[in-house]
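The values are calculated or read from the model by the stated rules, or taken from the named source; none is laboratory data. As the structure is a computational prediction, the values presented were derived from the model and not from experiment. Cβ coordinates were reconstructed from backbone atoms using ideal geometry, including for glycine residues, and neighbour counts include every protein chain displayed.
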Amino acid sequence: MEQQEQNIKQKPGVKSFILIILFAIVVGVIVQESISLVVQRFLDIPPEHMGIADWGDTFFLRILASLVSTTIGAFIIGTFLVSRAKIAALIAATPTILFWLFALVVSYSYVAEAGFLAHQVKSMILIPISLAILSPVVAYYGAKFGESYHNHFERSKSVLDIKWYHWLWILPFFLNKIVAVLLFTFISLIWFDFSYGWTGMYPGLLDFITNWGYYLGRLILLFVLIGLVAAVNHAYSLLTQEAATSKEKWIKGAILFGYVLLFSILHVIIFGEYL
């Protein structure tokens, strides 16, 4: 019986194959949008300079965000499918590849007619070329990496051991806030100087000795980050466990609602002016 269930997991039907591809695409879009919000916040990029294809004058960060989102989607596919996982990941990456090929054609036509500056070459030519080439590569290896974790997720009708119906509220209300808040907090741990603000500069030797704000601020932020990670980990454990009684279900639901509310408030506080 267990072997039969395993075979079913390895060879899902067409419906499951299509749904996991769509799921990976949606997750990739959400992750990328969350990263873009963090980039906009740290670099203080005006909304009018945050396009779909380019984010201000950023170059490497735009490429990195797209590749990370594609890899995460492909990894999820790998954990869900063993058979044809790499093919599914490449299909999921196809919209991204087509988008950047389209952006390349449009950009090339614009550059040919209007001329260009050095920074425009990066945003309009090099970014589309880089992502059109690298996206299928990271999709393939992301799915391959996900396959190695396939046996870690064993619940039926679930993704990452979370039942499908939970994803109906996680995707629109929770995932983007988790990614944005955690990433912002982690980067702040390195970037922010509580004595001088958003300098983005490492302190000198004298600062290490005299600047107590540098240490105290980072210590507080480190504990905040640990608390946020613990909250996400606890939320995940609740989502992957079955509640035995009605009372346990209500308690679990209340706790999860509290986590959603916490990250929603932090999301508004941190990114309110960019939302």
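Identify the single condition in (1) closer than 30 Å to residue 104 by Cα; (2) modelled with pLDDT under 85; (3) of a type in the set (Ser, Thr, Tyr) that residue 156 does not satisfy, given that it satisfies every other one.
Going through (1) closer than 30 Å to residue 104 by Cα; (2) modelled with pLDDT under 85; (3) of a type in the set (Ser, Thr, Tyr) one by one, residue 156 breaks only (1).
Between a first residue in segment 232-250 that is surrounded by 10 or more Cβ atoms within 10 Å (Cβ to Cβ) and a second residue that is not aliphatic (A, V, I, L, M), which pairs have beta carbons less than 6 Å apart while being 6 or more apart in sequence or on different chains?
Listed by first residue and then by second, the contacts come to 235/259; 238/252; 239/166; 240/161; 243/249; 243/252.
Sort out which residues of segment 138-169 are among the β-branched types (Val, Ile, Thr) and crowded, with 20+ Cβ neighbours inside 10 Å, and write them in order of number. It would help to see each step written out before you state the result.
Here is the first cut: in segment 138-169, the ones among the β-branched types (Val, Ile, Thr) are 138, 159, 162.
Within segment 138-169, 138, 159 qualify.
Taking the condition of being in contact with a Lys or Arg (Cβ under 6 Å, 6 or more places away or on another chain) and aliphatic (A, V, I, L, M), how many residues in segment 154-168 meet it?
Qualifying residue count, segment 154-168: 0.
Looking at segment 24-41, is at least one residue modelled with pLDDT of 85 or more, more than 13 Å from the chain's Cα centre (by Cα) and of a type in the set (A, V, I, L, M, F, W, C)? Show your work before the answer.
If we filter segment 24-41 for residues that are modelled with pLDDT of 85 or more, which is where we start, we get 24-41.
Those left that are additionally more than 13 Å from the chain's Cα centre (by Cα): 40-41.
Remaining after also requiring of a type in the set (A, V, I, L, M, F, W, C): none.
There is no residue in segment 24-41 that is modelled with pLDDT of 85 or more, more than 13 Å from the chain's Cα centre (by Cα) and of a type in the set (A, V, I, L, M, F, W, C).
Within segment 35-75, how many residues turn out to be surrounded by fewer than 20 Cβ atoms within 10 Å (Cβ to Cβ), closer than 23 Å to residue 106 by Cβ and not β-branched (Val, Ile, Thr)?
Adding up the residues that qualify gives 13.
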